[in-house]
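Here, each number is a calculation from the coordinates, and none is a lab measurement. On a predicted model such as this, the values are computed, not experimentally measured, just so you know. Every residue, glycine among them, receives a Cβ derived from its backbone with ideal geometry; neighbour counts consider all protein chains shown.
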Amino acid sequence: MEYITVKEYAELKGCSVRYTRMQINNGKLESVMRENTENKCMQYLIPVTELPEELKRKYYERRRKETGLPPEPAEKQPLKTVKMPVRKNLDEFTAEEREQISMWCGIIKEWLDVRAKFRKKTEADPMFCGKMKLEHQGINISPDILYRKYTAYINHDLEGLVDHRGGWNKGQCSIRPEVFDIFTAFYLNRHQPSVENCYNKTVAVCREYYPELASSIPSSRTFRRAAEKIPKCIVAYARKGEKEFTDKYLEHVERNMDSLKCNDIWIADNHTLDFFSVSDSGEVHRASITAYMDAKSGIITAAELCDHPNSDTTLYALRSACLQGYGLPLGVYFDNGSEFLAGDVAGRGHRKKASWQKEEHPVQILSLLGITMTNAIPANAKAKPIERFFYTFKEHYSKSIESYCGGKPSERPEECSQLVKEKRLITDKELRDILPVFIRGYNSELYGGKEKLYKGKKRIEVWNEAVRSGDVEFRTSDKDNLRLLMRRSTKIQQIKRNGVFIEWAGRKIWYKDENTVFHIGEEVFVRFDPADLSEVMVYEKDTDKFLYRYACADHLDLPFIGAEQEDIQTFMRSQAATRKAVRKQLDEYKKYDAVSLLEAELLRAKQNAEGYEIAQPEVFTPVIAPEHEGGEMNITRVEFADIVRANEAVEKSKGA
């Protein structure tokens, strides 16, 4: 804000200084107390904005003369509609901008004086521009710029005399804060609308609800530049989601492999192949692989081909790695897929849903193998280096297959559909033969980790050196032991009439023997080998003690209609065998047959009645019958009821 002294105010108004001070003391004139920089004394200063319009006009006329601008002409009505410059007063400019205005006014006056000395005026312009560049270091001047500044000078357009280049307005924005708030409310949205879309919505909202702001809205290009200045982390979080923000802008931990040894941790994951193949059943599909990678050396220890990844393929790949000579790891690193977090494999990990945690699996396979499980943070693919192997698999192997289809429709070659239609595809049987060749080739490539110690060595060489050094705890097992240790287990169940069951491939398979009937109701869990479903092993719930070995009872699963006669006969023979076993046990319980139930009961009654007597008291009260009118009552005559007449009366009363 600009201020004038008491003396300057008195000169403008044409009054005395004393009168002006009296007006200030009486509160009729606004003023502030400030220190005079020349004599360090306090003085009154009057704001220019508080002056009457007439005095304000006189003040700016005086400033224009001091600056060198011509007097402002009276406004005239233009002959045609033109875009008039925006008029601004000197107090609306900063001190630096007022210096620029004063400088350009002096340059233009000097330029006009120089041109007046030349007959051909345009010859003076280049020489004058060169002279100005020498006198004013860093000034941007040319004949065209002089003409534009002169036009602004004669039109009293102070804004045109300000240099708008060279970053003079850096950090400033012509968008009003209220308007930009409306724009960002639309722009920072998960639907990711474009800047133009948000700009149009902002204009519509301002026209409807804030008409006073509508006239000051700049172009969409201005909003685009303003949107680019919004911190990229905010844009990522608001428009692309928390995962994008976490992956690109949150700090992350650098994993140190120095303390890790080979075979300490294996990383497991699944990958859907980027080409079509023909399954063993003749169907066209995209097969998958379940792979294990050693975290230290980066070698692939196992890659199991499957139709769909599941908990069985997780165990098959682990068994395959052990049998091929890589041994067993001390720990595994799994993500949160259901194929890894099966209850009987290693538990549910991060899956804390109440219904999942109710499942009881007393025996966990990884615990039996001495392997600990670590789970990755959900939706954090960067935590698994094995993803880089899958990318290499796609680039070097999948793209070599003729039926390559890519990971998304835009990557699919045109001929792929015709190959699928004609079934000119590689088979899963051929893939099983080729896959080990590729894995060995990948393991023979150069080590790509961060440890400089292994630079220039192959991945398999890093593994071999570690194993041969003796520093690695190498654990392994044979085929028979793995078959026992890696049996799947069910949750706790009760033995029922049909025995125990497992759920496999969407169906319930029952197991029993002829003695199952004697153990109905016992709480047990079942362990089985997915590769051999002919029998299961039954263990006690509380002690994990082995109890029984049950065979598959296929005869208990018959179709509703059209069962084979042989299957029915098998079922009936099973019932007969169970009945026979029960009778045999019953005979063992009924060996003693010397005394009948009646004789045993009479013996019990006699034994209980030993010493039985009826006691009589020494003093008692006799009860005497009354005398009849006709004489004494004959107590020796006994009269019996007429049974025939009583029965006839009963028959007559029926139905009454």
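Is it possible to state the helix-based mean residue ellipticity at 222 nm for the chain, with each DSSP H run of 4+ residues giving -39500 (n - 2.57), the sum divided by total residues, to the nearest 500 deg cm²/dmol? What is it?
-11500 deg cm²/dmol
Might you report the magnitude of the Cβ-based charge dipole of the chain about its Cα centre, with Lys and Arg at +1 and Asp and Glu at -1, to the nearest 20 debye?
5100
To the nearest 0.05, what FRET efficiency results for Glu159 and Met42 with a Förster distance of 41 Å applied to their C-beta separation?
0.65
Can you pull the one-decimal nm distance between simple spin-label points at Lys243 and Glu514, each 7 Å off the Cα toward Cβ?
Here the answer is 5.9 nm between the modelled labels.
Full extension from Leu134 to Thr5: what is 0.36 nm times the residue separation minus their Cα-Cα distance, to one decimal in nm?
Contour length minus the Cα-Cα distance gives 42.6 nm.
Suppose R0 equals 60 Å. What FRET efficiency, 1/(1 + (r/R0)^6) with r the Cβ-Cβ distance, do Thr374 and Arg224 give to the nearest 0.05?
Efficiency for this residue pair is about 0.80.
Which of the trypsin sites (Lys or Arg not before Pro) across the range 270-337 are loop residues per DSSP, with 16 or fewer other Cβ within 10 Å?
Within the range 270-337, the qualifying trypsin sites (Lys or Arg not before Pro) (loop, at most 16 other Cβ atoms within 10 Å) are Arg286.
Please tell me which of these pairs span more than 23 angstrom C-alpha to C-alpha: Lys394/Lys429; Lys584/Lys606; Lys394/Lys455; Lys479/Lys508; Lys429/Lys457; Lys512/Lys541?
Pairs exceeding 23 Å: Lys584/Lys606; Lys394/Lys455; Lys479/Lys508; Lys429/Lys457.
Tell me which DSSP H helices of the chain clear both cut-offs, 18 Å or more of axial length from alpha-carbon atoms and a mean Kyte-Doolittle hydropathy of at least -0.5.
The answer, listed by residue number, is 95-115, 195-209, 428-443.
Among Gln192, Asn515, Ile175, flag the residue with its Cα farthest along the positive direction of the charge dipole of the chain, charges on Cβ as +1 for Lys/Arg and -1 for Asp/Glu.
Ile175
Only counting other Cβ atoms within 10 Å, I'd like Val162, Val595, Val582, Val235 sorted with the fewest neighbours first.
Ranking Val162, Val595, Val582, Val235 by Cβ neighbours within 10 Å, fewest first, gives Val595, Val582, Val235, Val162.
Run the paramagnetic zone check for Tyr391: 7 angstrom along Cα to Cβ, then residues of the range 404-426 with backbone nitrogen under 15 Å.
Within reach of a label on Tyr391, which here means backbone N under 15 Å from a point 7 Å along Cα→Cβ, the range 404-426 contributes 407.
For the range 265-469, what is the percent of antiparallel DSSP beta bridges, rounded to the nearest 5?
Counting DSSP beta bridges with both partners in the range 265-469, the antiparallel share is about 65 percent.
Among Thr290, Thr313, Thr570, what is the fewest-to-most ranking by other Cβ atoms within 10 Å?
Ranked by crowding around the Cβ, least crowded first: Thr570, Thr313, Thr290.
Checking the cross-link filter: which lysines have an alpha carbon closer than 20 Å to that of Lys65, excluding same-chain neighbours under 8 positions apart?
Partners found: Lys7, Lys13, Lys56, Lys88, Lys109, Lys149.
Which ordering of Tyr153, Tyr539 is given by a fewest-first count of other beta-carbon atoms within 10 Å?
Ranking Tyr153, Tyr539 by Cβ neighbours within 10 Å, fewest first, gives Tyr539, Tyr153.
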